[in-house]
Structures are given as structure tokens and as C-alpha cells.
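As C-alpha cells, the structure follows; a few thoughts come after it.
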């Protein structure tokens, strides 16, 4: 507040001083400085309104400041502040619209990294259910990856990497949710496709172990034992001490016991037939 007042007094002083000499020559300069003052006053009104919680009046003032003097340094700042005002009160759609416009109008601005980050966060905050919010999930991941790639040394890159990992877990959870549904309904091929997608696209997530086990399970059920053994080996090599590896091992172990019992029945039956044959010749 004090700083803005000092700036205002300083600009007024300059205007008065300029008007005392060569008025005709300095007319355009006076108008320019007067316009700067107007923009600054309108911007300050926007900041005050934002701090008091009136975001709609705040965004109106920020947009007014930008329109008043588009060539000034306050124009892009005002655009970003309008976007932040919407974001601060969870009006994510409006924030996204402001930020997308900012990227079009000010593609080389020094705070472009912040614009991308706020845009990514605006999508990220809308994620509620991984089974429904796919558009928000994918858009958030896309913008976070832009930050990691184009602005790796910024304060936003580290958080973006963390957020991408969380999003990958969310997407893997979605695939697992659908895969389990297909498995329950005995729709083997769609189930396999979902579990394979987790391994191919989200191998660093917490769902990889279960996906490998489910593939062992499904392939064994449909009689493709070699495929089942292949995924069991991958699971054992990477997660030998995990619960899912134990479950996959038990799939084959149960079948071994089942085959063993069936063989014992066959042998018992063969022995009884042999005894009958022997009795005929005795």
C-alpha cells in the first residue's frame, strides 16, 4: 500500500514538473505517464478486491487494466492475476480460459512458466474420480510434461514431476478398475488388454505387480500356460518378495496339486482294472 502511494506521488510530481517546461514538446510523454498511472490505479483496485474476496470485481479490474494499455508491462501481469483470481475460488474453467488466452497473446513473457503451471494445476484440481475425469487427467499431465521439458530448472518442474507420477498412478488405477471388471465377467481378451496397458504405459506405478499377476491368472485360465509362465517369471524377477508373486506361484502350485490328485486317481483306477484282469486268469 505504502509503495503504491509513493509511486503515485512520484508520478504526479513528474507530471507537474514536466508541465512547467516545453508543454507542446512533452505533451505525448505526459499522456503516456498519465496512462501508466491509470493502469496502475486500476490494477491496484483489482489487487485490493482480490484480497477482500471479491474475485469478480477483481477480474473485471484486471481485464480493464490490460485493455487500457495493452503495450505496458502491467497488461500481462493483469491477465495472469485475472486467471489466478478465478483459480483461487475454484472457478477452474474461467481460469483455464484466461490462461489459454495468455499463452496465445504473450507467448514469450518472462512468467510463461507460471502460466503453464497454473494451467496444469487448474486441470489437476478437477480430478475427482479416475473412472470419469479422463479429460482433466490427460490435460493436466500434458501441461505438467511441458513444464518438465521446457522449463526444467524452474521451481515448478520438481512439483510437476511429482504430479505426473500421481497422475500415472491414477491412469493405471483406471485401467486396473476396468481390467478387474472384465476379469470378473470372464471377458478374457479385454481384460488382457487392460492389464497389458498398465505394464506397457505405466510400468513405474504401484499397479504393475498386480497387472503381472492378473496376466498370469488369465493366461492360465484360458490354457496358455507358456504365456502365464512368461509373466510369472517377469513378476518373480522384479518382485520376488511381493504378495502378488506368491499368488502367481500358487496358481501353478494349485494346478500341480490338482494334476497330482488326478494322476493318483488314474493310477488307482488302473491298478483296480489290473487286479480284475488278474483275477480272471487266476
> Within the stretch 221-232, which residues are in a helix (DSSP H, G or I), surrounded by fewer than 21 Cβ atoms within 10 Å (Cβ to Cβ) and touching a residue at least 12 places away in the same chain (Cβ under 8 Å)?
Replying inline: 221, 227, 229
> Under 6 Å by Cβ, and 6 or more places apart or on different chains, what pairs join a residue from the stretch 60-82 that is at positive phi and surrounded by 19 or more Cβ atoms within 10 Å (Cβ to Cβ) with one that is at pLDDT below 95 and assigned to a loop (DSSP other than H, G, I, E, B)?
Replying inline: none
> In the stretch 85-104, which residue that is buried (at least 20 other Cβ atoms within 10 Å of the Cβ) and under 15 Å from residue 49 (Cβ atoms) is farthest from the chain's Cα centre (by Cα)?
Replying inline: 85
>> I need the full set of residues from the stretch 187-209 which are surrounded by fewer than 22 Cβ atoms within 10 Å (Cβ to Cβ), touching a helix residue (DSSP H, G or I) at 6+ places or on another chain (Cβ under 6 Å) and more than 22 Å from residue 141 (Cα to Cα), in order please.
In response: 188, 190, 192, 209
> Any residue at all in the stretch 109-125 that is buried (at least 16 other Cβ atoms within 10 Å of the Cβ), within 12 Å of the chain's Cα centre (by Cα), modelled with pLDDT of 95 or more and under 30 Å from residue 36 (Cα atoms)?
Replying inline: yes
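Yes/no per residue for (1) assigned to a helix (DSSP H, G or I); (2) touching a strand residue (DSSP E or B) at 6+ places or on another chain (Cβ under 6 Å); (3) at pLDDT 85 or above:
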residue: 216; (1), (2), (3): yes, no, yes
residue: 219; (1), (2), (3): yes, no, yes
residue: 234; (1), (2), (3): yes, no, yes
residue: 241; (1), (2), (3): no, no, no
residue: 246; (1), (2), (3): yes, no, no
residue: 251; (1), (2), (3): yes, no, no
residue: 259; (1), (2), (3): yes, no, no
residue: 262; (1), (2), (3): yes, no, no
residue: 270; (1), (2), (3): yes, no, no
>> List pairs: first residue in the stretch 122-136 and more than 15 Å from residue 163 (Cα to Cα), second residue assigned to a helix (DSSP H, G or I) and at pLDDT 85 or above anywhere in the structure, Cβ distance under 9 angstrom, at least six positions apart or on different chains.
In response: 131/173; 131/174; 131/177; 131/178; 133/170; 134/171; 134/174; 135/123
> Just one of the numbered conditions (1) within 30 Å of residue 118 (Cβ to Cβ); (2) modelled with pLDDT of 90 or more is not true of residue 227; which one?
Replying inline: (1)
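The values are calculated or read from the model by the stated rules, or taken from the named source; none is laboratory data. Only a predicted model underlies this, so the values are computations on that prediction, with no experimental measurement involved. Cβ atoms come from the backbone with ideal geometry, glycine included; neighbour counts cover every protein chain shown.
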